[in-house]
1. Given H placed on each backbone N at 1.01 Å, which residues far from residue 13 in sequence or on other chains put an amide H within less than 5 Å of it?
2. With a cut-off of 8 Å between alpha carbons and a minimum separation of six or more residues, what is the relative contact order of the chain in percent?
3. For Rg/Rh (Cα atoms, Kirkwood Rh), the listed values are (i) 0.98; (ii) 0.95; (iii) 1.65; which was obtained by calculation from the structure presented?
4. Considering only DSSP beta bridges with both partners in the chain, what is the antiparallel share in %, to the nearest 5?
5. Taking the Cα centre of the chain as origin, sum charge times position over the Cβ atoms of Lys and Arg (+1) and Asp and Glu (-1), and report the length of that vector in debye to the nearest 20.
6. Return the calculated 222 nm mean residue ellipticity for the chain, to the nearest 500 deg cm²/dmol, obtained by summing -39500 (n - 2.57) across DSSP H runs with n ≥ 4 and dividing by the residue count.
7. On the accessible surface of the chain, probed at 1.4 Å, how many percent belong to carbon and sulfur atoms?
8. Of the peptides 27-39, 50-62, how do they stack up when ordered by the mean number of other Cβ atoms within 10 Å, highest first?
Amino acid sequence: MNGRLCSKVGCAREAVATLTYDYGDQMAALGPLGLAQHPHAHDLCAPHAERLSVPAGWLVVRHEALRA
């Protein structure tokens, strides 16, 4: 276990992905777990990463390593 937990409130599962946002471009990027925690990123477990939703009109970019 990497010691980092999902950022979702009430979730105690291990984090496997990191989510970042670009509000100006209305884009969310979801990739493999970052090397270190960042205050402007959100770590997610596999179920929360899979069910990620964003506001209407936003683009989600998913790193191909998460699809394997």
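The values are calculated or read from the model by the stated rules, or taken from the named source; none is laboratory data. Everything numeric in this text was worked out from a predicted model, so none of it was measured. Cβ atoms come from the backbone with ideal geometry, glycine included; neighbour counts cover every protein chain shown. Only protein heavy atoms, including side chains, enter the accessible area calculation; ligands, DNA and RNA are left aside. Shrake-Rupley method; radii C 1.70, N 1.55, O 1.52, S 1.80 Å.
1. Residues meeting the criterion, in which the H sits 1.01 Å from N, are 6.
2. For the chain, the relative contact order is 34 percent.
3. From the options (i) 0.98; (ii) 0.95; (iii) 1.65, the structure gives (ii).
4. 70 percent
5. Its charge dipole is roughly 200 debye.
6. Taking each H run of at least 4 residues, the total per residue is -1500 deg cm²/dmol.
7. Carbon with sulfur: 55 percent of the solvent-accessible area.
8. 27-39, 50-62
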